[in-house]
Amino acid sequence: MKSVYEFLNGYFDRIFVVSLNRATDRQAAIKQHLEGLNYEFFWAVDKKDFTLLDAIKSGVYDEAKAVKFNRHRHSKLSLGEIACAWSHRNLYEKIVQEGYERVLIFEDDVVPKLQMLELLLTTMNQLPEHWELVYLGFLKNEEITPKHWRKKQFYKLLATFRAYKWLTRHHVNNLYPKPYSANLRIAGLHDCTHAYAVSKSAAEKLLKAQTPLYSRADELMTHEVIRGNLAAFICRPTFFDPEDLAWGHANADSYIWS
């Protein structure tokens, strides 16, 4: 693991861990999980520090756009989701302003998959020079099965009738990952932002798309990927899990929902 972390330290201009000031429990865990990485904490926006009305009146959050383009049909963002999306957006702004070319981003519930890490260097070396987004950890559509082909046809039908504002027939072709190399796939629709990397050009695109805020942090990347706006890849296998999945349950304390 030491050699892998040394590689990441050299490959990326900066490594950030997005965390709330008050999430001291998670920060203590991160110091153990990521020991050897030259990371720094990027302090997240706390949902306790603003109201929904504040976010709307200030122009930070566009609720009408959120409802229109939400993947889950006419659903507004919760205060916690706004805070999370705002935090990632602020980080993109920092990347652009300070001119970092390659940045690795973790959330503070990330856990390395130690048995897989030995493949990380090999995987990263398979990336093309023009990469913009790389998922080192994610959920949803990890592998493609025959049922995905059937779902794709169903989504094409929905897109024909514009059942989803965020999805057209052209976008349907980008919903699922496609072959690329031994350990990489061209990204499709995936969930989670616990472990990913961006280039400066990706940060610029994500910042522009999320000004004002309208989407969950992970769905923002999904929207840009399926629209063909990002050269995006997923790693197979993945190298990092969110803590609740790593420990075999899905009920970990959430600073977004609690």
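The values are calculated or read from the model by the stated rules, or taken from the named source; none is laboratory data. Note that the structure is predicted; figures quoted are calculated from it, not measured. Because the Cβ atoms are built from the backbone with ideal geometry, glycine has one as well, and the counts that use them run over all protein chains shown. These area figures cover heavy atoms from the full protein model, side chains too; ligands, DNA and RNA do not enter into them. Shrake-Rupley method; radii C 1.70, N 1.55, O 1.52, S 1.80 Å.
A probe of 1.4 angstrom, applied to the heavy atoms of all protein chains, finds Arg236 with accessible area near 50 square angstrom. Derived scalar couplings between HN and Hα for region 64-70 equal 5, 5, 4, 5, 5, 10, 5 Hz in order, rounded to whole Hz, by the Karplus curve 6.51 cos²θ - 1.76 cosθ + 1.60 (θ = phi - 60°), x for Gly and Pro.
Rounded to a whole number, what % of the accessible area of region 1-107 do carbon and sulfur atoms account for, probe 1.4 Å?
Here it works out to 48 percent.
For region 29-151, the equivalent ellipsoid derived from the alpha-carbon gyration tensor has semi-axes of 30, 23, 16 Å in decreasing order. Over every pair of different alpha-carbon atoms in region 52-94, take the mean of 1/r and invert it; report that Kirkwood radius in Å. The Cα-based Kirkwood calculation yields 10.9 Å. Length gained on full extension, Asn173 to Glu98, computed as 0.36 nm times the residue gap minus the Cα-Cα distance: 23.5 nm.
Distance check, please: which entries in Lys76/Lys205; Lys68/Lys140; Lys2/Lys47; Lys47/Lys178; Lys76/Lys208 exceed 31 angstrom between their Cα atoms? Beyond 31 Å between Cα atoms: Lys2/Lys47; Lys47/Lys178. When the residues Trp131, Trp43, Trp86 are ordered by accessible surface, computed with a 1.4 Å probe over the protein chains alone, the sequence from largest down reads Trp43, Trp86, Trp131. Its relative contact order, with pairs defined as Cα atoms under 8 Å and 6+ residues apart, puts region 181-231 at 51 percent. A Cβ-based charge dipole, computed about the Cα centre of region 53-131 with Lys and Arg at +1 and Asp and Glu at -1, lands at about 460 debye. Spacing of the modelled spin labels on Glu118 and Val67, each 7 Å from Cα toward Cβ, amounts to 5.4 nm. With contacts taken as Cα pairs under 8 Å and at least 6 residues apart, region 8-128 reaches a relative contact order of 40 percent. Once all Cα-Cα distances of region 6-86 are split into 5 Å bins that start at 0, what whole-number percent is in each one? Cα pair-distance distribution for region 6-86, in percent: 3, 13, 18, 16, 13, 12, 12, 10, 3. Ordered from largest to smallest accessible area (heavy atoms of protein chains, 1.4 Å probe), the residues Thr193, Thr24 come out as Thr24, Thr193.
Net length available on complete extension from Ala29 to Asp191 is 56.0 nm, with 0.36 nm assigned per residue and the Cα-Cα distance removed.
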